[in-house]
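Here is the structure we will look at, set down as structure tokens.
The values are calculated or read from the model by the stated rules, or taken from the named source; none is laboratory data. Please read all numbers here as calculations on a predicted model, not as lab measurements. No Cβ is skipped: glycine too gets one built from the backbone with ideal geometry, and neighbour counts run over all protein chains shown.
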Amino acid sequence: MILFENVGFRYGRGPDVLQGLSFDVPDGAFTFITGASGAGKSSLLRLLYLDDLPSAGKISLFGRDISTLTRDEIAWFRRRIGVVFQDFRLLDHLTAAENVALPLRVAGAREVEYRDNVAEMLQWVGLGGQMHIRPPQLSGGEKQRVAIARAVVASPDIILADEPTGSVDPEMAERIMQLFMEMNRLGKTVVFATHDADLVKRSKKPTIDLKSGTSSGGVAA
Amino acid sequence: MRNSSLIPFRSGGGILMALIVAAMAFLACFALAGALGASKLAGAWTDGLSGAATVRIGAEEGAPEQQLDIVLDILKSTEGVIDAVPLTEDEVAALLEPWFGAAPELSDLPAPAIVAVTIDSANEPDTSIVQARLDGAATGAVYDDHGEWRGRAASAAHAVRSVALGALIVCALAIAAVVILSVRSGLSAQSANIATLRLAGAEDRYVAGLYQTRYFWLGLIGGIVGCILALGAMVSFDALSTVSRALPSLDLSGYWWFLLLGVVVFAVLVCVLAARITVLGTLRRGA
Ligand SMILES: Nc1ncnc2c1ncn2[C@@H]1O[C@H](COP(=O)(O)OP(=O)(O)OP(=O)(O)O)[C@@H](O)[C@H]1O
Ligand SMILES: [Mg+2]
């Protein structure tokens with residue numbers, strides 16, 4: 001599903017952010033990405049949601065070398081990848097419900113087809129009462145939950161989550177964690193970037209640690 | 001509840017865009033009106049002139065009666081000539097009146113004899129051959145099929161049409177240029193939102209579609225406003241032009257409505273196409 005072969009990455013002519021990274025995330029796996037702040041977790045996810053190409057090595061996604069994708073193919077691949085961005089990336093002029101519906105809408109679905117699904121998603125993340133509120137009027141944690149609902153609403157094959165529990169209280173963090181576990185049980189591949197060592201330890205899932213450049217739990221290729 | 005637009009367009013910029021489109025549509029209507037008026041006028045002239053010719057027999061030649069008979073014989077035996085009738089003195093006087101005033105003693109003056117020739121427009125006799133035959137009989141008569149006038153009317157009409165076509169192209173280019181500038185600045189102001197749409201799985205043509213819809217409406221509103229203003233201006237122009245037959249009368253009844261519709265469709269098309277090409281080009285280059 002996701003295959004990194006000796007991948008290196010840097011921004012422009014800047015220093016290497018990722019170096020010699022090789023791993024394989026099989027279909028349906030749940031994988032943590034850990035590392036200190038600045039270790040390159042978000043950068044790695046960025047490569048996975050096809051916002052950039054590696055400066056060295058090769059990345060394969062759904063069996064395709066990502067450097068060969070056309071712009072349209074990138075768009076179609078992204079429909080199979082749900083992302084919870086670290087900075088949420090919500091559209092401020094849209095309501096929470098419209099933000100959640102975005103992946104469905106740009107894929108050509110009509111409102112009648114997804115309205116119930118979107119409402120249900122927002123209910124699930126505890127924002128049933130804030131459906132028609134715009135992001136600037138939401139708290140950090142609420143925005144994060146809108147971002148999570150948007151990432152999973154289209155039932156993607158891969159879910160990438162960048163610190164998805166960063167802005168919520170422990171109880172909500174636990175709920176969100178359960179959501180991703182549930183998604184994984186349904187067969188979705190989940191890549192979960194976090195620096196919450198406790199969370200990683202408790203869940204006993206394979207981990208790619210960026211600081212040490214090692215991985216554990218049998219994920220390494 | 002209706003879905004919000006995925007791109008928060010600013011209404012101020014839209015009004016400005018529509019105004020510019022309106023101005024260009026207004027000018028395009030007048031360019032078209034000019035071209036059609038010129039064509040119609042030239043058509044009226046040439047229609048009136050073709051199918052008819054005149055032969056003038058100089059007054060200074062001797063024995064005018066005899067000369068007239070020879071000329072009539074030659075004309076009637078020419079292929080393509082349907083009829084040849086000499087004008088009476090009164091008719092000649094009427095023709096000359098605008099230049100000489102009513103002259104009761106016209107017969108005292110050496111007036112030219114004029115023969116009105118009806119020719120078959122489908123089979124016009126060759127001017128130079130007719131003239132050569134007249135010269136051969138030493139009549140000093142001059143054959144005139146108004147070819148020079150017809151040519152001048154046609155080339156004047158052609159010139160006006162070319163200028164009008166040029167003006168239409170300039171209007172289209174001006175609309176396209178304004179759309180391109182406005183879409184470009186919109187894209188850079190909205191770059192973060194557009195990046196988010198792309199990350200959510202939108203194809204470039206989906207983003208282009210959002211702009212096309214926006215510029216479709218701006219083009220439509222601008223085009224309609226411009227055409228209505230042009231129509232109003234033309235109606236008042238038409239009222240004036242009936243005073244003088246020399247001005248082309250703009251017959252607003254028939255195909256004019258289609259032409260105004262054509263200007264609106266044209267403006268919309270230019271807006272939509274320019275928006276699409278700009279968005280697709282900018283996104284591809286920014287990748
Ligand atoms: N857009 C960018 N342009 C240039 N350098 C960048 C950019 N984004 C990140 N970097 C640099 O790349 C390195 C890795 O950043 P990244 O955001 O991937 O870290 P991270 O592991 O996600 O950190 P955090 O836990 O704080 O989110 C950092 O040194 C950062 O300065
Ligand atoms: Mg990060």
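For the reader, a short list of remarks on this structure follows.
- Selection of the range A:63-83 for residues being within 18 Å of B:ALA200 (Cα to Cα) and more than 13 Å from chain B (Cβ to nearest Cβ) yields only A:ILE66.
- None of A:ALA197, A:ALA109, A:ALA119, A:ALA149 is within 16 Å of ligand 2 (Cβ to nearest atom) and not polar (S, T, N, Q) except A:ALA197.
A quick yes/no check of all residues on (1) at pLDDT 95 or above; (2) in a loop (DSSP other than H, G, I, E, B); (3) within 15 Å of ligand 1 (Cβ to nearest atom):
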{"site": "A:LEU45", "(1), (2), (3)": "yes, no, yes"}
{"site": "A:LEU50", "(1), (2), (3)": "yes, yes, no"}
{"site": "A:LYS58", "(1), (2), (3)": "yes, no, no"}
{"site": "A:TRP76", "(1), (2), (3)": "yes, no, no"}
{"site": "A:GLY82", "(1), (2), (3)": "yes, no, no"}
{"site": "A:LEU91", "(1), (2), (3)": "yes, yes, no"}
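- Answer from B:ALA116, B:ALA84, B:ALA53 - the residue that is closer than 16 Å to B:TYR143 by Cα, touching a Phe, Trp or Tyr at 6+ places or on another chain (Cβ under 7 Å) and modelled with pLDDT of 80 or more: B:ALA53
- Exclusive hit being under 16 Å from A:GLY82 (Cα atoms), of a type outside the set (S, T, N, Q) and within 16 Å of ligand 1 (Cβ to nearest atom), set A:ASP157, A:ASP162: A:ASP162
- The single residue among A:SER22, A:SER37 that is out of contact with any Phe, Trp or Tyr (no Cβ under 9 Å at 6 or more places or on another chain) and either outside the structural domain of A:MET121 (by TED's automatic domain parsing) or within 16 Å of ligand 1 (Cβ to nearest atom) (or both) turns out to be A:SER37.
- Against the numbered list (1) at pLDDT below 90; (2) farther than 23 Å from A:SER22 by Cβ, A:GLN144 comes up short only at (1).
- Hits in the range A:153-191 - residues which are more than 19 Å from A:PRO26 (Cβ to Cβ), outside any loop (DSSP other than H, G, I, E, B) and within 14 Å of chain B (Cβ to nearest Cβ): A:VAL153, A:ASP162
- Hey, A:PHE85 under 13 Å from the mean Cα position of the chain (by Cα), away from ligand 2 (no atom under 16 Å from the Cβ), within 13 Å of A:ILE159 (Cα to Cα) and not charged (D, E, K, R) or not: no
- Residue that is nearest to the other protein chains (Cβ to nearest Cβ), among those in the range A:99-147 that are assigned to a helix (DSSP H, G or I) and among the polar types (S, T, N, Q): A:ASN99
- Beta carbons closer than 6 Å, at least 6 apart along the sequence or on distinct chains, pair a first residue in the range B:270-287 that is within 14 Å of chain A (Cβ to nearest Cβ) and touching a residue at least 12 places away in the same chain (Cβ under 8 Å) with a second that is assigned to a helix (DSSP H, G or I) and of a type in the set (Asp, Glu) for B:LEU280/B:ASP204; B:LEU283/B:ASP204.
- Being within 23 Å of A:LEU199 (Cβ to Cβ), within 16 Å of ligand 2 (Cβ to nearest atom) and in the same structural domain as A:GLY126 (by TED's automatic domain parsing) is a description that does not apply to A:PHE32.
- Residue within the range A:37-46 that is touching a helix residue (DSSP H, G or I) at 6+ places or on another chain (Cβ under 9 Å) and among the hydrophobic types (A, V, I, L, M, F, W, C) present: no
- Test: residue in the range B:122-136 that is of a type in the set (D, E, K, R), closer than 21 Å to B:GLY151 by Cα and modelled with pLDDT of 75 or more: yes
- Unique match (being among the basic types (Lys, Arg), on the phi < 0 side of the Ramachandran plot and crowded, with 16+ Cβ neighbours inside 10 Å) among A:ARG64, A:ARG89, A:ARG10: A:ARG10
- In a residue-by-residue description of the range A:84-96, the property of being without any contact (Cβ under 8 Å) to a residue 12 or more places away in the chain, away from chain B (no Cβ under 11 Å) and of a type outside the set (A, V, I, L, M, F, W, C) applies to no position.
- Within the range A:69-81, none of the residues are within 16 Å of ligand 2 (Cβ to nearest atom), within 26 Å of B:LEU280 (Cβ to Cβ), assigned by TED's automatic domain parsing to the domain that holds A:THR194 and within 18 Å of the chain's Cα centre (by Cα).
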